[in-house]
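To start, the structure under review is shown below, and the notes come after it.
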């Protein structure tokens, strides 16, 4: 989640181009890295508003790693100075590990000369006092495979070897067209850039709708990380992206399969508790004043994620 640095990532054509993340070390059970798995050693810094950080919370909960890996939550409002540990909204925790005021201070503690984008999630190592990784796609795979001795559900494999090629292929175009497509639509600075992004976004959603007409999940009967990665965009779509990012050709509730699929994942054990719609709506509508100058948060829409999904 790039926050107030978004405008530095818009090119001359008005297109939003997300910058890559900076920390890519790995936790490995085989001893191949300095970061060995353990309980109580690692900590996640997240925003409940951010779809990228949300992935890590879902996988942590599904694997049963709540006791092994702690979490701190930034304030949903993203001011010009970046993510803060203010506690203006219920659910924001402050920094209970390093007692910092801003997430940038955490980055600078890890790398004093850091001048890049400050993003969530952050996987922090309390033992060495540094950031291990801030790339959500890499963090969720570590949580899936490297903490088996500490997981309540070690048998759950969200990236099974037999499906990795299919998962990787799905992730590639879903990230391009949908996960990042909503941002490319919302942060576009020129009409052509916006139209290109939003048309690609809905082509991607139509493609997923067709897949889900034939399969329960993206890879068939097996729930995988590809579903986690898609869900965090879908659960925000009608409440935020339709209006705030002008992604209004259709809503998720207009797609029978996508809407049922979103409700099914929401109703999986532990998932609903990772969804905080107050943080989500307040972050987008109050933080992006270049899009919503008065910071007014809409009361709607009314969505019932607990409605029976009918996908048994």
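Of note:
- Residue 188 under 27 Å from residue 286 (Cβ atoms), in contact (Cβ under 8 Å) with a residue 12 or more places away in the chain and in a loop (DSSP other than H, G, I, E, B): yes
- Flag if residue 113 is out of contact with any helix residue (DSSP H, G or I) (no Cβ under 8 Å at 6 or more places or on another chain), buried (at least 20 other Cβ atoms within 10 Å of the Cβ) and either in a loop (DSSP other than H, G, I, E, B) or modelled with pLDDT under 95 (or both): no
- Consider the range 67-87 and keep the residues that are farther than 16 Å from residue 118 by Cα and either touching a residue at least 40 places away in the same chain (Cβ under 8 Å) or in contact with a strand residue (DSSP E or B) (Cβ under 8 Å, 6 or more places away or on another chain) (or both). The one that is surrounded by the most Cβ atoms within 10 Å (Cβ to Cβ) is 69.
- Test: residue 105 is more than 29 Å from residue 182 (Cβ to Cβ), out of contact with any helix residue (DSSP H, G or I) (no Cβ under 9 Å at 6 or more places or on another chain), modelled with pLDDT of 95 or more and surrounded by 15 or more Cβ atoms within 10 Å (Cβ to Cβ): yes
- Any hit, the range 291-302, residues being out of contact with any strand residue (DSSP E or B) (no Cβ under 7 Å at 6 or more places or on another chain), assigned to a helix (DSSP H, G or I), more than 26 Å from residue 63 (Cα to Cα) and at pLDDT 95 or above: no
- When residue 157 is tested against the conditions (1) touching a residue at least 60 places away in the same chain (Cβ under 8 Å); (2) surrounded by 14 or more Cβ atoms within 10 Å (Cβ to Cβ); (3) over 16 Å from the mean Cα position of the chain (by Cα); (4) not in a helix (DSSP H, G or I), the lone failure is (1).
- Tally, over the range 119-141, of residues that are part of a helix (DSSP H, G or I) and surrounded by 22 or more Cβ atoms within 10 Å (Cβ to Cβ): 3
- The lone exception for residue 236 - which of (1) free of Cβ contacts under 8 Å to residues at least 40 places away in the same chain; (2) in a helix (DSSP H, G or I) it fails: (1)
The values are calculated or read from the model by the stated rules, or taken from the named source; none is laboratory data. As the structure is a computational prediction, the values presented were derived from the model and not from experiment. Glycine gets a Cβ as well: all are built from the backbone with ideal geometry, and neighbour counts include every protein chain shown.
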